[in-house]
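The values are calculated or read from the model by the stated rules, or taken from the named source; none is laboratory data. Just so it is clear, the structure is predicted and the values come from calculations on it, not from any experiment. Don't worry about glycine lacking a Cβ; one is built from the backbone with ideal geometry, like all the others, and counts go over all protein chains shown. Ligands, DNA and RNA are excluded from the accessible area calculation, which covers all protein heavy atoms including side chains. Shrake-Rupley method; radii C 1.70, N 1.55, O 1.52, S 1.80 Å.
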Amino acid sequence: MELFGLWIPVLGSLMMAENLRTLPIDQDQWLRPEDVELAEGYLRRFYNLNPRGRVSRRRIRSTSAMEEKIRQMQNFFGLRETGRLDRHTLDVMREPRCGVPDVENFSFYPGKPKWKDHTITYMIAKYTPDMKRELVEKSFSSALKMWSDAAPLRFIKVNHGKADIVLSFARRTHGDFFPFDGPRGVLAHAFQPGDDLGGDVHFDEDETWTTGSQGYSLFAVAAHELGHSLGLSHSKDPSAIMYPNYRYQSSTQYSLSKDDVLGIQALYGKATGKVDTQPVPKKCDPNFSLDAALTIGGEIILFKDRQVLMRTTRETYGNRLRESHSSTYLLSVSSHVDAAYDIPAKGVAYIFTGRKYWVVQQLKMKSHPGSIYEYGFSSRVRQVDAAVHVSEYGKTVFFTGEVYYRFDERRKKMDPGFPRLIQTDWPGIPKRVNAAFKLNGNIFLFSGAKSYQYNIKQNRVAKVVSANSWLGC
């Protein structure tokens, strides 16, 4: 098969700066002075690194304060815990994010309070010129509604006087001892409930604020920051609204995760009306799409949001599905499933969520996470969109964005010459793939609302049906 015979040599060289060898860095990483400065600033701001605990360039590498903080940061983001500044760690540090620390910082959080009165007022003190005023107001009201749908909270907008939560846009130094840093970097920050600055949210005016098509989604960032205004801290769950890094156009920015709901309800209790935080997918909707798929022991397992839909390979499309929440079968995985694949010969499956993956040997058993970068992905990859194992070749194909990677399971290495464009090597398949699995010698690829039956020997699409044809629709 042409797809699995591709071989493009990749040449490269690795260099090491002599004067930086004493820092906690990856042995194969050329670390620039500006990288060290970035890391130290990041760890001071978000992980409470004591300035006096910084690592001197002449100091022998050891279990330094900075190394411990690097390890703490790597643990938070699901990276390999080396305590060293490798390229993946630095790339995460460069991502746009919330300005609130990931660990307790009493400058932001003096005692972790909550609002005593569940009727909370808010005011927009200063608007951004990037958006029409009505769109700014809608973004804020929609973000607040997400939290009031999950907990017994009521938000009232006031136009003057005193408000519990004051929202405003500002540049650089703006009067709260936490200056913004210009474009990218820190997008916004918020203060937990209390007097004066308590509950207030500040957005960096040097960013481009939008409804989500370009720049940064004001709604998504506001939903996160208002979680802080209500008393929540950061979550390690990449699918949570309270995850500190911006997820670009991720659909998980527009709904509360289980972790978000449990957090807000721990502070304020449950909403009067029942909130369905894990809705059963509307499987026969013509726009229905899947998040991930795989086969285990004669079962086709399909993932949508946090739901699992299962059918046996012997059933016809019209037979009834078994439906459940994903946590019923994947005890260790609380996040939205991005991708999955299985290796039948080993009797194992691999589940991907954000930068983490889990090895599942048996459903309903706990497992421990690893980092996707252990596979050899480019540091630009933040998540895997779809994956499928092709046992005839001993290869696993990973789809991410408009490209795909090919991993050799025997050598435990990415094949040279990747990533490559999906549309170049998979004729008839759209630019992006949401889910994939292999069955009876064919690979079934899901893109949007369509399912593509791909003949790997002939290297062509054999059949196209709706994605929910697999669900009896």
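Below is a table of values for the structure above.
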item: Residue check, Glu95 at pLDDT 85 or above and in contact with a Lys or Arg (Cβ under 6 Å, 6 or more places away or on another chain); result: no
item: Residue within region 455-467 that is in contact with a helix residue (DSSP H, G or I) (Cβ under 6 Å, 6 or more places away or on another chain), surrounded by 15 or more Cβ atoms within 10 Å (Cβ to Cβ) and within 15 Å of Phe399 (Cα to Cα) present; result: no
item: Filtered residue count, region 294-307, keeping only those that are under 22 Å from Leu256 (Cβ atoms) and surrounded by fewer than 23 Cβ atoms within 10 Å (Cβ to Cβ); result: 2
item: Scan of region 338-374 for residues that are open to solvent by less than 90 Å² (accessible area, probe 1.4 Å), at pLDDT below 80 and more than 25 Å from Thr82 (Cα to Cα), ordered by number; result: Leu363
item: Output for region 260-285, where each listed residue is of a type outside the set (Asp, Glu), out of contact with any Cys (no Cβ under 7 Å at 6 or more places or on another chain) and at pLDDT below 80; result: Thr272, Gly273, Lys274, Val275, Thr277, Gln278, Pro279, Val280, Pro281, Lys282
item: Selection within region 68-99 - crowded, with 21+ Cβ neighbours inside 10 Å, under 19 Å from the mean Cα position of the chain (by Cα) and basic (Lys, Arg); result: Arg97
